[in-house]
Amino acid sequence: MNSRDIISLGLGLEAPWEIKGQILDTEKVPYELRLTIKADRGAKYPCPVCGAMCKARDFKVKTWRHLNFFQHHCYITAPVPRIRCEHHGVKQITVPWASKGSKFTLLFEQAAMVLVRDKPVLTAARILEMKDKRLWPTTRERRRMWSRWSPICPEPSSPA
Ligand SMILES: [Zn+2]
């Protein structure tokens, strides 16, 4: 098992998604592990409305903050396809590791919400080594994250 296999297993990646690149950027402080995930050319993706498997129409490169790799920040970058469903037209797919519109992976969001449940946002952001405005850039983003994670991470009576 090589390092890509180990990281794929850790991320729970399944076909068509694969780790295509990994770089530990030692120019940054703290170091940054940058993972590139891609799907094979010609792969099909489920329509987010009906689930029909469709070919990619085009791609938009996106990056998500992931949980730290040891003490180093980790970012995932992937070209995310828009598909053309014959019933629903052109739709952006949702990648399996992040929710729609989020700049964080699901695992990072979950960890952040556990911290924010018990601590002020500024303290949680410091623990996560990020600016508090990146954690919750908007009230809408806060509501989206709470609604997603509240079943396992109830909102405190007065969130900071
Ligand atoms: Zn569809």
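Positive contributions from Lys and Arg (+1) and negative ones from Asp and Glu (-1), summed over other residues with Cβ under 11 Å from the Cβ of residue 78, come out at +3. Ranked by the mean number of other Cβ atoms within 10 Å of their residues, highest first, the peptides 1-7, 68-74, 86-92 fall in the order 68-74, 86-92, 1-7. Extension gain, residue 94 to residue 44, is 16.7 nm, computed as 0.36 nm per intervening residue step minus the present C-alpha separation. For residue 127 and residue 84, the FRET efficiency from 1/(1 + (r/R0)^6), where r spans their Cβ atoms and R0 equals 35 Å, is about 0.25.
Kindly provide the helix-only [θ] at 222 nm of the chain, computed as the sum of -39,500 (n - 2.57) over DSSP H runs of four or more divided by all residues, to the nearest 500 deg cm²/dmol?
Values: 5 runs with 44 residues, N = 160.
That calculation yields -7500 deg cm²/dmol at 222 nm.
Net charge of the neighbourhood of residue 40, taken over other residues with C-beta under 14 Å away and scored Lys/Arg +1, Asp/Glu -1, is +3. Projection of the Cα convex hull of the range 1-97, averaged over all directions and equal to a quarter of that hull's surface, yields 6.6 nm². Distance between the C-alpha centres of the range 99-148 and the range 1-55: 22 Å, rounded to the whole angstrom.
To the nearest ten degrees, helix 139-149 and the longest principal axis of the Cα atoms of the chain are 80 degrees apart. Net charge dipole, the chain: roughly 660 debye, given to the nearest 20, about the Cα centre with Cβ charges of +1 for Lys and Arg and -1 for Asp and Glu.
Bear in mind that the values in this text are calculations on the coordinates, not laboratory data. Since the model is a prediction, treat every value here as computed from it, not as a measurement. Here the Cβ is made from the backbone with ideal geometry for all residues, glycine too, and neighbour counts use every protein chain on show.
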